[in-house]
1. Restricting the search to the stretch 183-203, which residues are of a type in the set (Gly, Ala, Ser) and either closer than 15 Å to GLY221 by Cα or touching a residue at least 24 places away in the same chain (Cβ under 8 Å) (or both)?
2. What number goes with the only condition from (1) open to solvent by 70 Å² or more (accessible area, probe 1.4 Å); (2) modelled with pLDDT of 85 or more; (3) under 51 Å from the mean Cα position of the chain (by Cα); (4) more than 24 Å from GLU417 (Cα to Cα) that GLU502 does not pass?
3. Where in the stretch 294-343 are there strands (runs of 3 or more DSSP E), lying fully within it, with 1 or more residues that are within 16 Å of LEU483 (Cα to Cα), open to solvent by less than 40 Å² (accessible area, probe 1.4 Å) and of a type outside the set (D, E, K, R)?
4. If I ask for residues that are of a type in the set (S, T, N, Q), more than 14 Å from MET290 (Cα to Cα) and either open to solvent by 20 Å² or more (accessible area, probe 1.4 Å) or not in a helix (DSSP H, G or I) (or both), which ones from the stretch 5-25 would you list?
5. Kindly provide the set of residues from the stretch 726-765 that are open to solvent by less than 30 Å² (accessible area, probe 1.4 Å), within 14 Å of ALA795 (Cα to Cα) and not hydroxyl-bearing (Ser, Thr, Tyr), ordered by number.
6. Restricting attention to the stretch 651-664, report how many residues are open to solvent by less than 10 Å² (accessible area, probe 1.4 Å) and outside any loop (DSSP other than H, G, I, E, B).
7. When you check LEU737 against the structure, is it over 23 Å from GLU751 (Cβ atoms) and modelled with pLDDT of 70 or more, yes or no?
8. If only one of ILE136, ILE191 is of a type in the set (A, V, I, L, M, F, W, C) and at pLDDT 90 or above, which one is it?
Amino acid sequence: MIKASTNRHYKALELDKILLRLSEQAGCADARELALELMPQTTLFEAQALLNQTEDAYIMLAKYGGPSFGGLKNINNALARAAAGSVLSMKELLDVAEVLRTIRAISEWRSNQQSAENRIDVFFGALVPNKYLEDIITSAILSEEEMADSASPELYDIRRKIRQQSANVRNQLDRLTHSAHYQKFLQDAIITQRNGRFVVPVKSEYRGEIPGLVHDTSSSGATVFIEPMAVVESNNEINVLKSKERAEIERILTNLSAETGIFQETIKAGYECAVELCLIFAKAQLAYKMKASLPILNDKGITDLKKARHPLLNQDTVVPTSITLGFDFDTLVITGPNTGGKTVSIKTIGLLTLMAMCGLMIPAGDNSRVCVFKKVFADIGDEQSIEQSLSTFSSHMVNIVGILKEAGDDSLVLIDELGAGTDPVEGAALAMAILERLKINGCKIAATTHYSELKAYALQTHRVENGSCEFDVQSLRPTYRLLVGVPGRSNAFAISERLGMEKLLVDRAREFISGESIRFEDVVDSLEQSRLDMEKQKAEAERLKAEAQSAKKEAEQLRETAEKQRQREFENAEGEAKRIVENARRQASALLEEIEVLRKAKNAANDPAELARRARVQLKQSLNALDDAASPVIRAAIDDANYTLPRPLVVGDAVLVADIAKEATVLSLPNKSNQVEVQAGILKLRTPLSNLRLLEKQKQKVTSGNVRRQTESLATKEVSTRCDLRGMTVEEGLMELDRFIDTTILSGMAEFTVIHGKGTGALRTAVHKHLRSHPQIKTFRLGVFGEGENGVTIAEIK
């Protein structure tokens with residue numbers, strides 16, 4: 001197969017070096033060989049197919065990592081011999097098993113992924129694991145030179161007998177070596193082997209003392225190795241058994257080789273697909289190392305490289321360049337000083353084009369476009385490196401003559417220093433004629449030159465464009481930026497002057513240049529200055545745009561944050577309202593139950609007025625409980641799921657029943673089930689200890705007949721001597737008066753003042769009637785001048 005290294009044009013663009021880097025990423029020898037033999041595809045369909053495979057492997061590497069291809073070896077020769085009936089060695093069979101294991105591991109790696117089907121699954125699908133053959137080989141063969149005892153029952157039995165016979169021989173020889181009679185004849189009291197038979201070392205002078213067969217003599221002649229006659233028969237038996245062992249091993253290898261030959265085609269096909277997968281994943285690995293991206297391929301002659309980097313340069317220091325060809329122009333003439341990056345620019349175009357045609361991702365920006373050409377030609381000199389040109393005029397012309405014969409409308413032509421190495425006038429004329437012929441042939445062309453005539457040619461000719469590599473005269477350093485549409489300058493005068501040449505001498509040199517050339521250079525200089533000014537303005541505009549976008553993004557984030565906060569507050573408020581309504585419903589239900597209890601007790605009550613008073617008191621307490629349900633303090637106590645009682649409960653403690661949000665008094669301590677009996681209003685109930693919240697205010701229990709009432713301790717609440725009922729209805733006023741009387745009694749006060757106002761006198765009459773029948777009131781009277789007169793009533797406690 002033709003390699004990229006044998007194609008003069010591909011070698012000039014250094015494709016062979018890229019393929020060498022690709023081969024270093026491959027995990028098996030055959031894949032490395034395929035990488036070195038990789039050739040650019042000349043049709044869009046084939047190139048796109050290869051690039052699609054690389055893209056899928058690139059994605060799979062990012063998600064799952066890559067499969068291991070380390071166990072792949074070329075076993076085609078062994079498979080062919082096995083299929084032809086030859087017997088494979090243990091090493092060859094182990095190689096087959098290793099390949100089968102690797103194929104199975106690759107197949108299982110793909111099966112374990114949950115990703116959708118992709119364009120390299122055709123290779124994964126062609127992998128046919130053969131666990132049967134893999135297992136029978138690995139279970140029978142332990143290493144390249146050792147067969148397992150379990151390879152067959154016959155082999156196991158033969159080896160068992162060999163071990164038995166060997167043990168018998170050793171026992172007999174061991175008795176001989178430890179015998180007092182024979183020890184003086186032995187050189188050493190050891191047992192060894194010669195020619196596969198057990199022997200003992202005997203001193204030469206005593207060789208006749210131990211009857212047996214001599215198998216060997218030491219190099220000094222002082223020792224002879226004798227097989228005693230007593231073990232000759234046993235050694236003979238061992239040799240017979242070993243012969244049977246070799247025959248059995250040969251039979252097993254023959255069977256395993258036959259089994260391997262049966263599966264030759266499937267193993268070979270699976271191996272070839274695994275090698276292809278290895279190469280595809282090597283391309284993906286190389287893309288990650290180069291920080292490459294996926295180009296968009298076309299066959300319309302369009303090249304648009306965005307921030308392209310030559311892959312063989314140091315990626316930390318290389319300057320990205322953007323290059324276009326085939327849009328508004330088909331020929332790009334690049335001018336500029338030496339070492340300015342002209343050669344790198346055209347090499348980048350050619351090398352990245354060839355890489356894409358090989359199915360490789362390219363080190364360029366996203367959405368870069370690359371054309372698939374039928375032919376790519378490059379004349380960049382003999383063995384030229386990026387840093388130095390070693391080409392000559394003659395070698396250039398030989399290459400260009402060949403290019404002119406073969407190049408057509410499906411060709412990319414790259415020429416470095418077109419027309420160089422001869423008389424400038426003739427060279428420039430010849431260069432323009434060559435560009436014109438290539439343009440007529442429909443080629444896409446990128447050429448570098450120093451000739452001013454070619455700059456003018458590019459300005460005057462349709463679909464021919466100037467380009468230049470930027471050079472900073474102040475620092476005397478190239479920027480390596482390719483500027484399309486701007487002709488370059490050699491800057492020889494400016495560079496010479498900056499390096500210290502006399503200004504007078506430089507000015508004299510300028511005088512030798514024709515006026516037309518000077519005017520042209522002045523125009524180029526003016527264009528260059530205008531370009532620099534526009535770039536500064538563009539950079540400033542982009543900076544302002546970036547700041548505006550940043551401010552807009554920040555404002556949007558603030559708006560989103562505010563909107564999320566508003567929505568969160570709304571949801572919290574809505575939830576709080578729902579909780580309050582729900583608690584109110586529960587309290588209303590409890591109140592209805594209490595009223596029902598009172599109604600049922602009506603017939604048994606002797607004092608209807610007292611029963612009504614108790615009902616009013618309970619109604620007021622229930623309404624207060626509804627208000628407490630909306631209290632954030634009580635709500636916090638109810639909502640605290642991690643609440644722990646600050647101390648053990650005692651009888652009489654004031655608690656809050658969390659699930660109904662109602663205050664109650666502890667009537668009994670927790671039982672074995674942690675149930676506590678409490679009284680909430682007129683209801684007695686049992687509730688879990690975890691459902692109770694100890695209130696900070698202390699409760700005192702006051703018993704009057706069968707009724708228990710709870711009031712707040714003076715330690716936590718300041719008690720007033722005035723009960724203001726103004727603005728209340730008669731019913732509300734009497735309920736408030738009852739509560740106030742209870743508080744007054746607990747505070748220990750002797751008298752208090754009820755403010756009922758003058759008005760119609762209805763509230764005053766009701767208060768007096770209520771005080772007159774109250775069991776805790778000793779006497780009462782209207783106020784006098786200075787006390788509020790008939791707008792107040794002074795009552796005295798018993």
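1. Correct list: GLY196 only.
2. Failing condition for GLU502: (3).
3. Result: 303-308, 321-325, 331-335.
4. SER5, THR6, ASN7
5. LEU737, ASP738, PHE740, ILE741, ASP742, PHE752, VAL754, ILE755, HIS756
6. 5
7. Against the criterion (over 23 Å from GLU751 (Cβ atoms) and modelled with pLDDT of 70 or more), LEU737 does not qualify.
8. Of ILE136, ILE191, the one residue that is of a type in the set (A, V, I, L, M, F, W, C) and at pLDDT 90 or above is ILE136.
The values are calculated or read from the model by the stated rules, or taken from the named source; none is laboratory data. No experiment lies behind these values; they were computed from the predicted model shown. Note that each Cβ is placed from the backbone with ideal geometry, even for glycine, and that neighbours are counted across all protein chains shown. When the accessible area is computed, the model is the full protein with side chains, heavy atoms only, and any ligands, DNA or RNA have been set aside. Shrake-Rupley method; radii C 1.70, N 1.55, O 1.52, S 1.80 Å.
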